[in-house]
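Structure, as structure tokens:
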Amino acid sequence: MKSLPFLVLSAALLAGCESRTPIYRANVKLLITHPSATTPADDEDQFVATQKDILSSQLLLHRTEQHMNKTAEEVRDNLADLKVTPIRGSDIIVVSVDSPSPDFAKDLGNALVAEYLKFRDEQRAKISQDDLSPLTHEVQRLEGELEAANEKLDAFQKEHGISTNAQSPEFQALFENREEMQKLYDALLVQSVKANATQFSHDRNVSLLEPAILEPNRVH
């Protein structure tokens, strides 16, 4: 009978462990490539630190929410942890997403990296005015028009209280115009980056090495 309290405590601990929500981790790997093998170590450390800051930023998380068509609250409820870790002695950065939902962990990891790579392309397109190609000038012009179209759509929604699935002809016209402009902007941005690629031969490149796997690992 003296061992009864111990047995009761053990049973309680076991029940607590079994009732704890399982957490799954999805990893996405990024590869950094260099223009030469003589990159100073300090420059390399600074570059990696900057990429970690970008990947962990609220800007990228907000873009990822839009990419996934999720609200900030939905992401907050499903995201247990987000880590960005360079693998020592290699040119690989690992983005780890922990979540009680293995599908969410995988989807957010892939979406975050997709938005990060898109963001890098956007930044590389914004080169100095003296070096701008006609195509890049067009990208910048269209970017301004896209911002204006978004502001006009937002103003219409606030004035009329109309949601994005409204059937109002005027709203639909504004929405479709914005969507077509967004597609054109995205397409021209990619073309601009490719057209200016030779001007960035001195810069490092970051590419997707391995997307999140279909079945994330269980962390606990």
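What to note about this one:
- Val219/Thr33 FRET efficiency (R0 25 Å; Cβ-Cβ; nearest 0.05): 0.25
- Computed lengthening from Asp154 to Asp53, 0.36 nm per intervening residue step minus Cα-Cα distance: 33.4 nm
- Exposure proxy ranking for Leu82, Leu209, based on other Cβ atoms within 10 angstrom of each Cβ and starting from the fewest, stands as Leu209, Leu82.
- Residue exposure proxy: His67, His34, His220, ordered by other Cβ atoms within 10 angstrom of their Cβ from fewest to most, comes out as His220, His34, His67.
- Between His137 and Gln46, the simple spin-label model (points 7 angstrom out along Cα→Cβ) gives 3.3 nm.
- Counting every other Cβ atom within 10 Å of each residue's Cβ, Tyr24, Tyr116 order from fewest to most as Tyr24, Tyr116.
- Inter-label distance for Gln182 and Leu146, nm, one decimal - labels placed 7 Å from Cα along Cα-to-Cβ: 1.0
- Between the amide H of Val219 and those of Ile23, Tyr24, Arg25, distances stay under 5 Å, these residues lying 5 or more places away or on another chain, with hydrogens modeled in the peptide plane.
- Potential lengthening between Gln123 and His62 on full extension [0.36 nm per residue; Cα-Cα distance subtracted]: 20.2 nm
We did not get these values from a lab; they are worked out from the coordinates using the rules stated. Note that the coordinates shown come from a computational prediction; the quantities given were computed from them, not determined experimentally. Because the Cβ atoms are built from the backbone with ideal geometry, glycine has one as well, and the counts that use them run over all protein chains shown.
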